[in-house]
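Notes for the one structure printed next.
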Amino acid sequence: MTLNTIGLDTKKTKDLAKDLNDLLANFQVYYQNLRGIHWNIKGKRFFDLHVKFEELYTDANLKVDEIAERILTLGETPLHTFEDYTKTAKVKVGKNISQDEKAVELIVHSLSELLSIERMILDKSDKTGDEGTNSMMSDFITEQEKTVWMMKAWLGETV
């Protein structure tokens, strides 16, 4: 087994970095979806949702940077082209969404996809002994589960 400078198995961190790149691609699509619904939202809930969507895309942008920096910390290169993102991402692209419920449903579906990827990475990073990635995924999951709950409550649904 070969260890990298931060003391982790290089083969396992290469695999984790690939998964983090998948997460990065999905986060980039999620981020762009949030920008789109922020710009295009219409209706009586415009003022509340416009502000909320800006809060969410600002947070997503920070997470994109954290993910990319973690990939670099593991010794790999983060994806950085739209071509890579669209080939890799599973998060559905939301195009021309201006209706409030459709926008919130897009967020819920996107976060559900991100949570699935993050849980898989959390499991792998735990088995690898990669506390940095593990901690990041745990924090993301906790925050996003709460957002899903709030969005579902707004829709009048339960988790």
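Computed from the coordinates by the stated procedures, all read-outs in this text should not be read as laboratory data. Every value quoted in this text rests on a predicted model; they were computed, and no experiment measured them. Don't worry about glycine lacking a Cβ; one is built from the backbone with ideal geometry, like all the others, and counts go over all protein chains shown.
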Next on the checklist: If you take every residue apart from residue 101 with its C-beta less than 15 Å away from the C-beta of residue 101, what net charge results, scoring Lys and Arg +1 and Asp and Glu -1?
Outcome noted: +2
Next on the checklist: Using the basic label-point model (7 angstrom from Cα toward the beta carbon), what is the residue 87 to residue 6 distance in nanometres?
Outcome noted: 2.6 nm
Checklist outcome for this item: Length gained if residue 146 through residue 112 is fully extended, taking 0.36 nm per residue and subtracting the Cα-Cα distance, is 11.1 nm
Checklist entry - Using a ≥ b ≥ c from the Cα gyration tensor of segment 18-57 (square roots of the eigenvalues), is it rounded, prolate or oblate, where a/c under 1.5 gives rounded and otherwise the larger of a/b and b/c decides, a/b for prolate? => result prolate
Checklist entry - Hey, which aspartates and glutamates would be in cross-link range of residue 152, C-alpha to C-alpha under 17 Å, not counting anything within fewer than 8 residues on its own chain? => result 48, 100, 101, 105, 113, 143
Item to check | DSSP-loop trypsin sites (Lys or Arg not before Pro) across segment 8-53, with at most 10 other Cβ within 10 angstrom | outcome: 44
Next on the checklist: Show me, bin by bin at 10 Å from 0, the whole-percent P(r) of the chain based on Cα pairs.
Outcome noted: 11, 39, 31, 14, 5, 0
Item to check | Centre separation in Å (Cα based) which lies between segment 98-113 and segment 5-36 | outcome: 22 Å
Checklist entry - Applying 1/(1 + (r/R0)^6) with R0 = 25 Å to the Cβ-Cβ distance of residue 99 and residue 138, what FRET efficiency is obtained, to the nearest 0.05? => result 0.15
Checklist entry - Between 13, 142, 73, which gets the highest mean-square fluctuation from a Gaussian network model of the chain, Cα cutoff 10 Å? => result 142
Item to check | Among 41, 8, 135 the positive-end extreme of the charge dipole of the chain (Cβ point charges) | outcome: 41
Checklist entry - Can you give the relative contact order of segment 23-140 as a percent, counting alpha carbon pairs under 8 Å and 6+ residues apart? => result 35 percent
